[in-house]
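Reviewing the structure listed below.
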Amino acid sequence: MGRGKGGKFHKNNRYQHANHFKKKKENKIEVVNKKALFNRYKNKQKVEEENLKKEQLERKLKQQQAAYSESEEEEDPYGMLVSCFSQPKKQKVVIDSDESDSEQEPEHESDDEVMASEQGDIASENGDDNGGGGDDSEQDSEDMQDDDEQDSNLEIKVKSSHKAENEEQDSSNDPFIKHLQYELGEDLLVTLSNPSPENLDQVEKTWPILGNISVTIPKPVKLKAKVKSKISLLEEKPSAPTGTVPQIASTDFKHMFIKSQIHGNIVSANKTNLIKNDLELTEVFTPLQRELFGIMNNYQDLYYPERTFTNAEEIRFTYCLHVVNHMLKTRTKILHHNSKLSKKTDPSEEYRDQGLVRPKVLILVPFKSAAYKVVKTLMDILVPKEAGQVVNKNRFEEEFTGNELAMPQKNPKPEDYELMFSGNTDDTFRLAMTLTKKTLKLYTDFYSSDIIVASPLGLRMIVGAEGEEDRDYDFLASIEVLIMDQTDVFLMQNWDHLLHCLDHFHLQPQKTRDTDFSRVRLWAINGWSKYYRQTLIFSSVALPEIKSILNQKCQNYAGKAVVANPCEVGTIQQVLLQVPQIFHRFNASSPLAAVDARFEYFVKEVLPKQRDPLMSHTLIYVPSYFDYVRIRNYFKKEDIKFVQTCEYSKDGKIARARDMFFHTEAHFLLYSERVHFFRRFRIKGIRHIIFYQPPTYPHFYSEMCNLMQESNQNKYGGSEFNMSVTTLMCKYDAARAAAVAGAARVASILRSDKPVHMYITGE
């Protein structure tokens, strides 16, 4: 019995001992689990605190950036870069990156991957609860802590992924994408295809610097509702949005959607290109540049007829910045899609990002000196000193500098003449260039280039005429931005060259040029490129010839903005002599009919009185060369004594004509406006002037009238009291006449029943 009791006692003690260790082990596991849960809670709390700190930091940066943009103090390029590039350090998503030549596809973690990682963490936790003892449980708690850290990092990645998606959504507001990404809807296409569209919105705005702006936006017509099928395999695609009224641009680069890689160059390049004595520039843009860029960045056509030698640098820098920004966005999108397509075999329509040919931008300027300034401005914005490379730069310097006109010292030319013809005045040139990340390649082939800078004559020589064998105009098929600077000078050179080149835009290419049609935008294939082209026109005077180009050759679906400020004080106030100035108004039914009506009025009403011997020393100022030839032929036919001077006359004949006119050997001097523009002669002996039409440049009116002063007269040529100035005009010359006599005077002349009106300077 004792032995049996003893065995039972030991058996009970063994069970009690086992239960004791089992409870001890369970208590230990419970303690470890509590520690693990506590550590996990503590780690999550740290992660939340870090996220809170990051949000506060981002909020402070945004507040500083907003305050910085509103301040009028001088902006620091480095501080601007910090505000523009500020992003969370742990964000690993790259969207539309400018830091590498080959952009990578944004790598967002999918929802399936996030769920799989969370399920793995739960499974590991369940395994830890079900297994092991002592030391193993402590190791499992450390593994759980590591898993918690991985969960926190995963949360940061998910947040950065969502932020990247938000940035992609914000980029959809980029005017570049909104203007070029979508196809035209049928309702808007009907409006654009109408030669004289009626469904237009007219908005009048008044800005501090530009003044009165007339904004015209095409609106879609209301078509009959189509019956949609209940079952359709095709998704309805969004159509191109209608144009919006432009707003004055801010100084925030991100708000203006300017590419980040040129942020640091804008301020320094702008100050370099502005007039040297302008040291009061305290902002990124001048007020004029902000208003101009607001219209340009809205991808609307612009006609600005108030270009001067004072604001020329501001205008040039603004459209050069727009060109560089446009090309960088185009290049980035193409490289971004190339990276995506390298991982796919079947490209979809979202990868259509190109035109039929490569050239996207065409800049037309009159002289090589202007082209030189344009290219130098592009260099300052894209590849400043020691930050990039310019290929063929030495050749460019040699060909586009030098050959300057020698200005006379004894009898100096007017100031505007010296400014106009300073530098290389060659008007036969064309230069193509290719733009990369940090390189600007000059003298590239047209079909491998991005930007073309040319003169109308240089472009016309390539485009050629019908019937010529060696001609090419395919490179004009996909121009997205057309800029015409100093357009008024084109009228002095040869207006037909410009019109001929504009007629060859957006035609179907004769050769494929290795075009990948899977990447060509559908609206380019459909022949709608003319509706997407943005045209920027700058001139120093408002001319109906330029306005007709805007109305007939520019069909941008986003609309157009025209700056139209009335001329309150004309150049008639700058006439120094008290001489009677007579304005003759004749009637014409159309601009074409005005040509014949003007000639008939001149021959019947004006010329008979001027043929009187007392009216000798009469200069006839003719703006149009066609009118000049018509009057010359009539004078020869009627055997009227006259001499002539035009842009085609040789120097010997010009000298002889001037001498005969001064010494009363010729009653009339037939004088063309183009010879005055290019030579700026000081004709002596003038006693009477007939402006066959108001001059193109209004200051030519006062300049010619002031040549009648006594020091330039022939003492034996007639009475100094017998002087007059006569101007012929009709309602279609209202813009030219208003710049001469003032808008109020011209309005009264057109409303009056009397055809003749006389004014005397000083009264």
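Here are the numbers for the structure shown:
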{"quantity": "Top-ranked residue of the stretch 616-645 - restricted to ones that are open to solvent by less than 20 Å² (accessible area, probe 1.4 Å) and among the aromatic types (Phe, Trp, Tyr), ranked as farthest from the chain's Cα centre (by Cα)", "calculated": "PHE635"}
{"quantity": "Matching residues, the stretch 696-724, being part of a loop (DSSP other than H, G, I, E, B), out of contact with any Pro (no Cβ under 6 Å at 6 or more places or on another chain) and within 22 Å of CYS646 (Cβ to Cβ)", "calculated": "TYR697, PRO698, LEU707, MET708"}
{"quantity": "Among (1) closer than 19 Å to GLU545 by Cβ; (2) modelled with pLDDT under 95 - the single one THR761 does not satisfy", "calculated": "(1)"}
{"quantity": "Of residues in the stretch 372-391 being over 14 Å from THR436 (Cβ atoms) and exposed (fewer than 15 other Cβ atoms within 10 Å of the Cβ), the one modelled with the lowest pLDDT", "calculated": "GLU386"}
{"quantity": "Pair list, Cβ under 7 Å, 6 or more apart: the stretch 679-691 residue more than 15 Å from ASN722 (Cβ to Cβ), other residue charged (D, E, K, R)", "calculated": "ARG680/LYS413; ILE683/ARG658"}
{"quantity": "Test: residue in the stretch 392-400 that is in contact (Cβ under 8 Å) with a residue 12 or more places away in the chain, surrounded by fewer than 18 Cβ atoms within 10 Å (Cβ to Cβ) and in contact with a Phe, Trp or Tyr (Cβ under 6 Å, 6 or more places away or on another chain)", "calculated": "yes"}
{"quantity": "Top-ranked residue in the stretch 303-321 [being over 24 Å from LYS438 (Cα atoms) and polar (S, T, N, Q); ranked as least open to solvent (accessible area, probe 1.4 Å)]", "calculated": "ASN311"}
{"quantity": "Test set (1) open to solvent by less than 40 Å² (accessible area, probe 1.4 Å); (2) over 44 Å from the mean Cα position of the chain (by Cα) - ALA747 fails condition number", "calculated": "(2)"}
{"quantity": "Options TYR716, TYR732, TYR648: the member that is free of Cβ contacts under 8 Å to residues at least 12 places away in the same chain and open to solvent by 60 Å² or more (accessible area, probe 1.4 Å)", "calculated": "TYR648"}
{"quantity": "Scan of the stretch 588-604 for residues that are farther than 16 Å from ARG630 by Cα and either open to solvent by less than 30 Å² (accessible area, probe 1.4 Å) or modelled with pLDDT of 95 or more (or both), ordered by number", "calculated": "ALA588"}
{"quantity": "Tally, over the stretch 172-198, of residues that are touching a strand residue (DSSP E or B) at 6+ places or on another chain (Cβ under 7 Å) and not in a helix (DSSP H, G or I)", "calculated": "5"}
{"quantity": "Scan of the stretch 503-549 for residues that are crowded, with 19+ Cβ neighbours inside 10 Å and assigned to a helix (DSSP H, G or I), ordered by number", "calculated": "TRP523, ALA524, SER529, TYR531, ILE546, ILE549"}
{"quantity": "Any hit, the stretch 163-178, residues being open to solvent by 50 Å² or more (accessible area, probe 1.4 Å) and at pLDDT 90 or above", "calculated": "yes"}
{"quantity": "Which numbered condition ARG656 fails, given (1) at pLDDT below 95; (2) surrounded by fewer than 21 Cβ atoms within 10 Å (Cβ to Cβ)", "calculated": "(1)"}
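Condition check ((1) within 24 Å of PHE396 (Cα to Cα); (2) surrounded by 19 or more Cβ atoms within 10 Å (Cβ to Cβ)) across all residues:
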| residue | (1), (2) |
| --- | --- |
| VAL323 | yes, yes |
| THR330 | no, yes |
| LYS333 | no, yes |
| LYS340 | no, no |
| TYR351 | no, no |
| ILE363 | yes, yes |
| PRO366 | yes, yes |
| SER369 | yes, yes |
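The values are calculated or read from the model by the stated rules, or taken from the named source; none is laboratory data. On a predicted model such as this, the values are computed, not experimentally measured, just so you know. For neighbour counting, all protein chains shown are included, and Cβ atoms are generated from backbone atoms with ideal geometry for every residue, glycine included. Heavy atoms of the whole protein, side chains included, go into the accessibility calculation; ligands, DNA and RNA do not. Shrake-Rupley method; radii C 1.70, N 1.55, O 1.52, S 1.80 Å.
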